[in-house]
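*Asks:* Input: one structure, supplied below.
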Amino acid sequence: MKFFDTFSSPFGELYIIFSGKALAGISFKKPHMRMGNVPDSFKKQLAEYFEGKLKEFKQDIVLTEGTEFERRVWLALRNIPYGETRTYKWLAEKIGKPKGSRAVGQALSKNPIPIVLPCHRIIESDGDIGGYSSGVDIKRRLLEREYYYSINSKR
């Protein structure tokens, strides 16, 4: 059974959805399910991510929705390092569908666990930021934040 809890982020209230002990979703919109308490360890990871201290999440996830193709797209996002971007074309090639850039974009728009499965790190081949299910402004701010912390952590 799924339940949610809230987390105050620099981008507004996040709704964290768990199924048992596994992360099943992150949303900027309040879900229609019961509220519960998600593990403090995950809230701590989110806080550290937004502070630029955490580069890779260690929370177990569960994908409770999506087609096999969508799940492959979402899981491949884990191969993009913090503070870096890749293109829709790169991701399509990564999952073995080199002509599937458009389908990749559609799958990304349905990513149930944004931030943890970092679809914000996918941009267009010409360098344009592309779309984001929670709004291009949030995508831009996530990328700027990661870039800032990745550059400053190397100094």
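The values are calculated or read from the model by the stated rules, or taken from the named source; none is laboratory data. All of these numbers come straight from a predicted model, not from anything done at the bench. Reconstructed Cβ throughout: ideal geometry from the backbone, glycine too, with neighbour counts over all protein chains shown.
*Asks:* ASN37 - would you say it is under 16 Å from the mean Cα position of the chain (by Cα) and surrounded by fewer than 17 Cβ atoms within 10 Å (Cβ to Cβ)?
*Replies:* When the stated conditions are applied, ASN37 does not pass them.
*Asks:* Additional query: Which residues, counting only those in region 25-63, are of a type in the set (Val, Ile, Thr) and assigned by TED's automatic domain parsing to the domain that holds GLY12?
*Replies:* ILE26, VAL38
Here is a yes/no grid of residues against (1) of a type in the set (A, V, I, L, M, F, W, C); (2) in contact (Cβ under 8 Å) with a residue 12 or more places away in the chain; (3) surrounded by 12 or more Cβ atoms within 10 Å (Cβ to Cβ); (4) not in a loop (DSSP other than H, G, I, E, B):
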position	(1), (2), (3), (4)
LEU117	yes, yes, yes, no
SER125	no, yes, no, no
ASP128	no, no, no, no
SER134	no, yes, yes, no
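*Asks:* Right, LYS99: of a type in the set (Lys, Arg) and crowded, with 16+ Cβ neighbours inside 10 Å or not?
*Replies:* no
*Asks:* Between ARG86, ARG72, ARG121, ARG78, which is among the basic types (Lys, Arg), at negative phi, surrounded by fewer than 19 Cβ atoms within 10 Å (Cβ to Cβ) and touching a strand residue (DSSP E or B) at 6+ places or on another chain (Cβ under 8 Å)?
*Replies:* Exactly one of ARG86, ARG72, ARG121, ARG78 is among the basic types (Lys, Arg), at negative phi, surrounded by fewer than 19 Cβ atoms within 10 Å (Cβ to Cβ) and touching a strand residue (DSSP E or B) at 6+ places or on another chain (Cβ under 8 Å), namely ARG86.
*Asks:* Name the single residue, out of those in region 11-34 being over 24 Å from LYS55 (Cα atoms) and among the charged types (D, E, K, R), that is farthest from the chain's Cα centre (by Cα).
*Replies:* ARG34
*Asks:* Moving on to the next point. With respect to the numbered conditions (1) in the same structural domain as CYS119 (by TED's automatic domain parsing); (2) within 30 Å of ILE151 (Cβ to Cβ), which one is the sole condition not fulfilled by ARG72?
*Replies:* (2)
*Asks:* When you go through LYS21, LYS58, LYS2, LYS30 one by one, which is the residue that is of a type outside the set (Phe, Trp, Tyr) and closer than 19 Å to TYR149 by Cβ?
*Replies:* Unique residue meeting the criteria: LYS58.
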